[in-house]
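The structure under discussion appears below in the form of structure tokens.
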Amino acid sequence: MPVEQTPESKSSAGMIPISNLMQTLTTRIFLHPLVVIAFASSVQAVVVLPPIFGTNMVVQKDEPLNFWGWADPGEKITIKLGGVVVATAVGEGKEKPWRAQLSAQMIGPVPDIEIAGSNTITLTNILAGEVWLCTGQSNMVMTLLKGYTPVLNGEAEAAAATDNQIRFYQGGGNNSKPQTITNDTWAVCSPESAARFSAVGFFFAKKLRAQHKVPVGLICLAAGGRPAEWFVPERMMEKDADFLAKKASALALKDQLGAKAATDKKSAGEYRKVLTEARSKGIKAPPRPPDQLTKEEAAKMNEAGLYLDFGFLYRRDMQALNPVPLAGFIWYQGESNATRGDQYAALMTKLIHGWREDWGGKPLPLIMVALAGYQCGVPTPTVMTDKGESWPLVREAMLKVAQTVPNVGVVSAVDVGDPTNIHPPNKKPVGERAALWALNHVYGQKVVAEGPGFGKVEFAAGKALANLTTNKDGLVLKSPGGFELAGVDRKFYPAKAELMGDKLTVTAQEVSKPVALRYAFLNFPECTVYNGAGLPALPFRTDVWTVQPLGSIDKQSAGIPVKE
């Protein structure tokens with residue numbers, strides 16, 4: 001872990017001042033020069049930078065380069081670009097960073113940057129290009145070779161990853177505090193570095209490089225199992241009465257149960273160490289000590305965590321980086337919000353506006369990944385499980401955000417999911433589809449970036465007629481499945497589709513008078529509608545009926561066929 005730098009120690013009553021001690025040591029004892037230097041560096045503060053600045057980094061082209069770091073109060077900082085002084089600053093202590101701005105850089109190599117104060121830091125092998133921030137939860141964290149499950153063809157992809165115009169920064173940590181940096185905070189794309197980096201991010205960069213021909217820098221700030229609430233700047237909720245009331249309740253619960261929860265957390269950590277040791281020795285581990293919280297209390301504390309830690313990951317990982325210019329964001333998250341899909345659109349809208357405000361007020365593009373198909377442990381595909389998990393509602397919320405917030409896109413991972421694995425191995429199409437969206441919507445290239453879309457839907461006796469948007473690559477119906485129809489009783493039944501030109505005719509034997517059509521609107525759906533470029537249509541429905549848990553008495557509203 002990086003070591004925080006501290007200012008020079010102050011003398012106190014009864015103690016020899018450090019400066020006097022150093023003078024005594026260096027005049028009375030013949031020390032090797034390296035020993036003196038090492039000792040001095042341990043007691044004297046030096047200029048330090050956050051780890052986002054390092055050798056091999058990529059900076060956003062054509063944008064002023066914001067720099068910051070920490071130094072003793074009054075210490076003069078000089079910044080050189082290619083040996084020429086381009087900025088100066090003055091240290092303000094370890095609690096407040098000094099800041100400086102360098103001129104914008106054109107695409108390609110950037111001269112070495114030298115930051116000098118009481119010490120000198122030199123950053124080399126820098127490129128100016130496109131910098132994208134990859135964030136979200138575990139499916140964004142998942143790496144080519146070191147992830148939760150092996151990525152499809154991950155070994156071959158890693159072995160061929162030798163593009164020195166792609167660079168990776170793996171974040172996660174407090175960038176607002178002084179930290180030592182090393183020359184590997186940014187890594188040049190290689191078999192070793194690619195193997196440890198986000199697979200979705202890697203495939204995005206590879207596709208973008210292949211077709212846009214500019215250097216690409218990826219910053220990954222993702223955390224497995226984390227809800228979207230933890231990524232939202234908390235100030236965005238300061239006028240939300242419902243949020244404020246829930247946070248007040250969470251704080252009251254913390255006062256009541258927080259001590260017990262902290263004890264249980266500490267006990268769980270200690271027990272994991274005991275388990276690890278027992279396994280290494282091949283012996284039976286002792287039983288786990290009982291928790292102080294009851295199951296009901298633990299569930300309440302877990303729910304309270306949404307509000308107690310609201311904005312936590314944004315504050316820890318992202319906020320301090322918002323002076324760093326970016327090309328845009330890639331967002332793969334939603335599994336941890338699957339029980340709150342009806343709240344996701346409003347939450348993501350606040351997240352996007354908050355991020356854009358902090359990154360200079362620019363409408364930076366944000367690409368969302370529609371969640372990969374997954375059955376959530378249920379034997380058959382459903383809209384919502386007994387636990388209230390609904391992947392379709394999260395996907396639908398993403399599409400709503402894309403339709404209402406400018407410069408936001410949604411790419412599909414729905415068709416590359418795994419019914420029994422929440423971390424599906426086929427990550428290449430996800431990254432490449434995100435890159436196609438960026439190539440088209442951000443960089444203006446004439447590439448097919450989306451799959452077909454559903455237009456007007458009409459209902460007639462025994463069938464639904466759906467119009468599809470087309471593009472130059474045409475439409476493909478891979479099989480007649482993936483559709484459902486319902487009548488006024490709101491019972492959905494599997495339906496079959498037939499493609500004629502740019503229109504679909506959908507029928508279901510059980511539904512003589514359909515009033516609602518759904519496509520791929522299940523946790524793990526069959527995806528059948530594509531264009532000639534191989535891009536799938538996103539899930540769609542015509543109804544606005546409330547979705548209920550699978551175990552609910554009102555099963556027809558949940559979209560589950562109920563046989564008489």
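The values are calculated or read from the model by the stated rules, or taken from the named source; none is laboratory data. Predicted model only: the values in this text are computed from it and were never measured. Every residue, glycine among them, receives a Cβ derived from its backbone with ideal geometry; neighbour counts consider all protein chains shown.
Conditions tested, residue by residue: (1) within 33 Å of the chain's Cα centre (by Cα); (2) over 30 Å from residue 407 (Cβ atoms).
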residue	(1), (2)
462	no, yes
466	no, no
473	yes, no
494	no, yes
499	no, yes
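Check whether at least one residue in segment 237-244 is modelled with pLDDT of 95 or more, out of contact with any Leu (no Cβ under 7 Å at 6 or more places or on another chain) and within 20 Å of residue 148 (Cβ to Cβ), and report yes or no. Checked against the condition, which is being modelled with pLDDT of 95 or more, out of contact with any Leu (no Cβ under 7 Å at 6 or more places or on another chain) and within 20 Å of residue 148 (Cβ to Cβ), segment 237-244 yields no hits at all.
A Cβ distance below 6 Å, combined with a sequence gap of six or more or placement on separate chains, defines the contacts here; from segment 183-211, residues that are assigned by TED's automatic domain parsing to the domain that holds residue 369 and closer than 14 Å to residue 133 by Cα reach residues that are basic (Lys, Arg) and crowded, with 24+ Cβ neighbours inside 10 Å in the pairs 186/167; 199/427; 200/427. Being surrounded by 12 or more Cβ atoms within 10 Å (Cβ to Cβ) and outside the structural domain of residue 220 (by TED's automatic domain parsing) is not true of residue 280. Look through segment 496-524, keep the residues that are farther than 14 Å from residue 478 by Cα and in contact (Cβ under 8 Å) with a residue 60 or more places away in the chain, and return whichever of them is surrounded by the fewest Cβ atoms within 10 Å (Cβ to Cβ). Of everything passing the filter in segment 496-524, 524 is surrounded by the fewest Cβ atoms within 10 Å (Cβ to Cβ).
Do we find that residue 260 is over 30 Å from the mean Cα position of the chain (by Cα), part of a helix (DSSP H, G or I) and surrounded by 13 or more Cβ atoms within 10 Å (Cβ to Cβ) in this structure? So residue 260 passes the test. Applying a threshold of 8 Å to beta carbon distances and a minimum spacing of six or more residues, or different chains, the list of pairs starting in segment 118-129 at a residue that is under 24 Å from residue 218 (Cβ atoms) and ending at one that is assigned to a strand (DSSP E or B) and acidic (Asp, Glu) reads 121/114; 122/114; 123/114. Flag set for residue 478, criterion: charged (D, E, K, R), surrounded by fewer than 17 Cβ atoms within 10 Å (Cβ to Cβ), more than 16 Å from residue 543 (Cα to Cα) and in the same structural domain as residue 460 (by TED's automatic domain parsing).
Matching residues to (1) at pLDDT 95 or above; (2) closer than 15 Å to residue 384 by Cα; (3) not hydrophobic (A, V, I, L, M, F, W, C):
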position: 524; (1), (2), (3): yes, yes, no
position: 530; (1), (2), (3): yes, no, yes
position: 536; (1), (2), (3): yes, no, yes
position: 551; (1), (2), (3): no, yes, yes
position: 560; (1), (2), (3): no, yes, no
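For (1) more than 13 Å from the chain's Cα centre (by Cα); (2) within 15 Å of residue 405 (Cα to Cα); (3) surrounded by 19 or more Cβ atoms within 10 Å (Cβ to Cβ), each residue gets a yes or a no:
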position	(1), (2), (3)
334	no, no, yes
346	yes, yes, no
349	yes, yes, no
359	yes, no, yes
364	yes, yes, yes
374	yes, no, yes
378	yes, no, no
383	yes, no, yes
386	yes, no, no
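Each row is one residue, and each column tells you yes or no for (1) more than 22 Å from residue 382 (Cα to Cα); (2) small (Gly, Ala, Ser); (3) buried (at least 22 other Cβ atoms within 10 Å of the Cβ).
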residue: 398; (1), (2), (3): no, no, yes
residue: 402; (1), (2), (3): yes, yes, no
residue: 431; (1), (2), (3): yes, yes, yes
residue: 436; (1), (2), (3): yes, no, yes
residue: 452; (1), (2), (3): yes, no, yes
residue: 459; (1), (2), (3): yes, no, no
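Within segment 264-323, restricting attention to residues that are assigned to a loop (DSSP other than H, G, I, E, B), small (Gly, Ala, Ser) and in contact with a helix residue (DSSP H, G or I) (Cβ under 8 Å, 6 or more places away or on another chain), the residue that is modelled with the highest pLDDT is 311. For beta carbons closer than 8 Å, sequence separation of 6+ or different chains, a first residue in segment 391-413 that is within 22 Å of residue 139 (Cα to Cα) and in the same structural domain as residue 336 (by TED's automatic domain parsing) and a second that is outside any helix (DSSP H, G or I) and hydroxyl-bearing (Ser, Thr, Tyr), the qualifying pairs are 391/374; 413/332.
I need a count of the residues in segment 469-498 that are among the aliphatic types (A, V, I, L, M) and under 21 Å from residue 523 (Cβ atoms). Within segment 469-498, residues that are among the aliphatic types (A, V, I, L, M) and under 21 Å from residue 523 (Cβ atoms) number 4. The condition of being at pLDDT below 95 and either more than 30 Å from residue 214 (Cβ to Cβ) or not aromatic (Phe, Trp, Tyr) (or both) holds for only one of 461, 435, that being 461. Within segment 67-102, if we keep just the residues that are out of contact with any Gly (no Cβ under 7 Å at 6 or more places or on another chain) and outside any strand (DSSP E or B), the residue that is surrounded by the most Cβ atoms within 10 Å (Cβ to Cβ) turns out to be 92. The single condition among (1) surrounded by fewer than 17 Cβ atoms within 10 Å (Cβ to Cβ); (2) under 30 Å from the mean Cα position of the chain (by Cα) that residue 289 does not meet is (2).
Only one of the listed residues (337, 322, 302) is among the polar types (S, T, N, Q) and in contact (Cβ under 8 Å) with a residue 40 or more places away in the chain. That residue is 337. The number of residues in segment 462-489 that are of a type outside the set (S, T, N, Q) and in a loop (DSSP other than H, G, I, E, B) comes to 11. For first residues located in segment 433-450 and basic (Lys, Arg), partners that are not in a loop (DSSP other than H, G, I, E, B) and lie 6+ apart or on another chain with Cβ distances below 8 Å form the pairs 433/411; 433/412; 446/440.
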